[in-house]
Amino acid sequence: MYQPQVLSYLQHVAKRHDLYKDINFETALTGAQWNESSSRWTVQTSTGVNFTTRYLITSLGLLSRQNFPDIAGIDYFEGEKYHTGAWPAGVELKDKRVGIIGNGSTGVQVITAIAKDVKRLISFQRNPQYSVPSGQGPVSKEYRDHINANYQQIWKDAKDNSAFGFGLDESTKPTFSVSPEEREAIFEKAWKKGGGFRFMFETFNDIAEDESANNEAANFIKRKIKETVHDQEKARKLLPTQLYARRPLCDAGYYEQFNRENVDIVSLHETPIERITAKGVKTSDGVEHEVDVLIFATGFDAVDGNYTRLAIQGIGGQTLKDHWTNGPTTYLGISVPKFPNMFMICGPNGPFCNIPPAVESHVEVISDLIRSAEEQGQQHIEKPPASTNLRHDSFVNDAPPRFSGTLSGKTPVIEATTEAEQGWTKVCDEASASSLFRRTDSWIFGSNVKGKAHAVMFYFGGLAAYRKQLREIAEDGWRGFTIR
Ligand code: NA7
């Protein structure tokens, strides 16, 4: 429903900032190699055009490599088959029988969007999820005026005074610091207001950390599911059994859809899929669920998936896949030892938060790092000292950070040290040690894809704390990086 609006906003931004001239569409990166003697990256693309660059900055996406489940017979299905991560324009589902495998963020939204139009909808559900109302709707003039009047401050607070960067009022109150009645009232208020992250983090501060607190929030949502879904057999299947500790979901009426006669649910815990047939999905109870369309809302090989499928080769020809055999490791989510002058936007072990401010933080810090190295290199050759004023959108506002190393005057070669990478991996491990998210299987810890190691993929210490560390590292002469 909102995709056209989001797309049109992105097109507006690209036009307004004259970005189209710098973008090659329909061009995939297929490989890249670091050349030590020239200090350059050679980059191959799907169009056959190669590039040579001083810096390779990747923004391959946390959630873009589709995960197709390993289900027998998947290729024999004779109807239409779609993955939600590659949805073609113009798909017509009206009056068709549709099966949907997966009920994460995407599955929940797809089911909500299509249920009223299709002839029959079957949700093939493995783990039931907790979802709360999204609260999405038209924005009032007052709200819009408030945002416009306070834009800079709201953005600054989101980035430097919050853990999740959503601009919501993160709670500092523990669940059991209030009476049961007050607790219920706080959950009810959040339920009415809407928003998944809001429900989990604006109500109380310990839902993602403390199991008893988590149970309180989980039980509230379960009560709502039972109240909403009339058919108690469907409600039973929809009731989550695990902790409320995955990406918090929200929807525009998901549970309500199961009150429609045409919408049904198959619990894959009770009757697992045996195979996909030419006509549909056969479950272990012998039933063949015939459908015209199969939708795979089965998520992504997230975070490192897009990096490990490509031959990005650093010093000595080693690939990122080789480097990450025990799970992805980086320094600050942006840099990897032996991959000099390569910087990742939202690479593994970046902050777990709203993505746009994380992207901005990475763009700012990478820009400052390169600019700082280049300015120092220029000074070293012939130029007068660089200006002490960095651009207004610079990551470090006060004084330009300086590398602690010395430069030869060539293109700088910037590389994270192994010690810095190990140190950051430890920081990320410790920051998520008490998180209940670590105890559920999901893409957030890399455990949604068969054969992929359960690994720490994010820094869970919050966006503000992450940015504070970036600042300190920069002010400390870009500690953890070498430059030659
Ligand atoms: P998710 O959140 O990874 O959800 C994938 C769903 O697919 C989830 O319900 C999975 O069940 C299900 N799944 C995956 N493999 C299978 C197999 N083999 N059989 C049955 N069901 C399966 O992906 P989304 O696209 O919804 O969302 C990803 C992020 O994008 C989201 O967090 C937002 O940040 C945006 P499971 O729960 O693992 O039992």
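Results, tabulated for the structure shown:
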{"quantity": "Single match in LYS426, LYS450 (criterion: of a type in the set (D, E, K, R), closer than 26 Å to TYR244 by Cα and at pLDDT 95 or above)", "calculated": "LYS426"}
{"quantity": "Wholly enclosed strands (runs of 3 or more DSSP E) of the range 34-85 bearing at least 3 residues over 23 Å from GLY446 (Cα atoms), open to solvent by less than 30 Å² (accessible area, probe 1.4 Å) and away from the ligand (no atom under 16 Å from the Cβ)", "calculated": "40-45"}
{"quantity": "Residues satisfying the stated conditions in the range 217-233, i.e. open to solvent by 60 Å² or more (accessible area, probe 1.4 Å) and either within 25 Å of PHE166 (Cβ to Cβ) or not polar (S, T, N, Q) (or both)", "calculated": "ASN219, ARG223, LYS226, GLU227, HIS230, ASP231, GLU233"}
{"quantity": "Residue in the range 95-102 that is open to solvent by 80 Å² or more (accessible area, probe 1.4 Å), farther than 22 Å from TYR2 by Cα and either in contact with a strand residue (DSSP E or B) (Cβ under 9 Å, 6 or more places away or on another chain) or aliphatic (A, V, I, L, M) (or both) present", "calculated": "no"}
{"quantity": "Meets criteria (within 16 Å of the ligand (Cβ to nearest atom), open to solvent by 80 Å² or more (accessible area, probe 1.4 Å), modelled with pLDDT under 95 and not small (Gly, Ala, Ser)) for GLN136", "calculated": "yes"}
{"quantity": "Tally of residues being touching a strand residue (DSSP E or B) at 6+ places or on another chain (Cβ under 8 Å) and open to solvent by 70 Å² or more (accessible area, probe 1.4 Å) across the range 170-203", "calculated": "1"}
{"quantity": "Close pairs (9 angstrom Cβ cut-off, 6 or more residues apart or separate chains): open to solvent by less than 70 Å² (accessible area, probe 1.4 Å) in the range 431-450, away from the ligand (no atom under 15 Å from the Cβ) and not in a loop (DSSP other than H, G, I, E, B) anywhere", "calculated": "ALA431/TYR459; ALA431/ALA465; SER432/ARG438; SER432/TYR459; LEU436/GLU211; LEU436/ASN214; ILE444/ARG438; PHE445/ARG438"}
{"quantity": "Those residues of the range 254-305 which are charged (D, E, K, R) and more than 28 Å from PHE445 (Cβ to Cβ), in sequence order", "calculated": "GLU256, ARG260, GLU261, ASP264, GLU274, ARG275, LYS279, LYS282, ASP285, GLU288, GLU290, ASP292"}
{"quantity": "The range 307-320 - residue that is open to solvent by less than 10 Å² (accessible area, probe 1.4 Å) and part of a helix (DSSP H, G or I) and, of those, farthest from the ligand (Cβ to nearest atom)", "calculated": "LEU320"}
{"quantity": "Candidates ARG260, ARG236, filtered to the one that is assigned to a helix (DSSP H, G or I) and open to solvent by 60 Å² or more (accessible area, probe 1.4 Å)", "calculated": "ARG236"}
{"quantity": "Condition check for GLU142: touching a helix residue (DSSP H, G or I) at 6+ places or on another chain (Cβ under 8 Å) and away from the ligand (no atom under 16 Å from the Cβ)", "calculated": "no"}
{"quantity": "The range 321-364, residues that are open to solvent by 10 Å² or more (accessible area, probe 1.4 Å) and over 18 Å from ALA455 (Cα atoms)", "calculated": "LYS338, ILE345, ASN354, ILE355, PRO356, VAL359, GLU360, VAL363, GLU364"}
{"quantity": "Any hit, the range 230-238, residues being within 15 Å of the ligand (Cβ to nearest atom) and out of contact with any Cys (no Cβ under 9 Å at 6 or more places or on another chain)", "calculated": "yes"}
{"quantity": "Residues satisfying the stated conditions in the range 281-290, i.e. more than 15 Å from the ligand (Cβ to nearest atom) and at negative phi", "calculated": "ASP285, VAL287, GLU288, GLU290"}
{"quantity": "Scope the range 293-317; condition on the phi < 0 side of the Ramachandran plot and either of a type in the set (Val, Ile, Thr) or at pLDDT 95 or above (or both); matching residues", "calculated": "VAL293, LEU294, ILE295, PHE296, ALA297, THR298, THR308, ILE312, GLN313, GLY314, ILE315"}
{"quantity": "Every residue from the range 89-103 that is of a type outside the set (Asp, Glu), on the phi > 0 side of the Ramachandran plot and more than 9 Å from the ligand (Cβ to nearest atom)", "calculated": "GLY90"}
{"quantity": "Total residues in the range 423-467, condition within 15 Å of the ligand (Cβ to nearest atom) and β-branched (Val, Ile, Thr)", "calculated": "3"}
{"quantity": "Conditions (1) of a type in the set (A, V, I, L, M, F, W, C); (2) surrounded by 21 or more Cβ atoms within 10 Å (Cβ to Cβ); (3) within 16 Å of the ligand (Cβ to nearest atom); number of the one not met by LEU243", "calculated": "(2)"}
{"quantity": "Filter pass, SER408 being more than 24 Å from the chain's Cα centre (by Cα), outside any helix (DSSP H, G or I), at pLDDT below 95 and under 20 Å from GLU472 (Cβ atoms)", "calculated": "no"}
{"quantity": "Among (1) in a loop (DSSP other than H, G, I, E, B); (2) surrounded by 20 or more Cβ atoms within 10 Å (Cβ to Cβ), the one test that THR106 misses", "calculated": "(1)"}
{"quantity": "Every residue from the range 119-130 that is more than 11 Å from the ligand (Cβ to nearest atom) and open to solvent by less than 10 Å² (accessible area, probe 1.4 Å)", "calculated": "LEU121, ILE122"}
{"quantity": "Candidates THR84, THR42, THR106 - the one that is on the phi < 0 side of the Ramachandran plot and in contact with a strand residue (DSSP E or B) (Cβ under 6 Å, 6 or more places away or on another chain)", "calculated": "THR42"}
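The values are calculated or read from the model by the stated rules, or taken from the named source; none is laboratory data. Bear in mind the structure is a predicted one, so any value in this text is a computation, not a measurement. Glycine also receives a Cβ, built like all others from the backbone with ideal geometry; neighbour counts cover every protein chain displayed. These area figures cover heavy atoms from the full protein model, side chains too; ligands, DNA and RNA do not enter into them. Shrake-Rupley method; radii C 1.70, N 1.55, O 1.52, S 1.80 Å.
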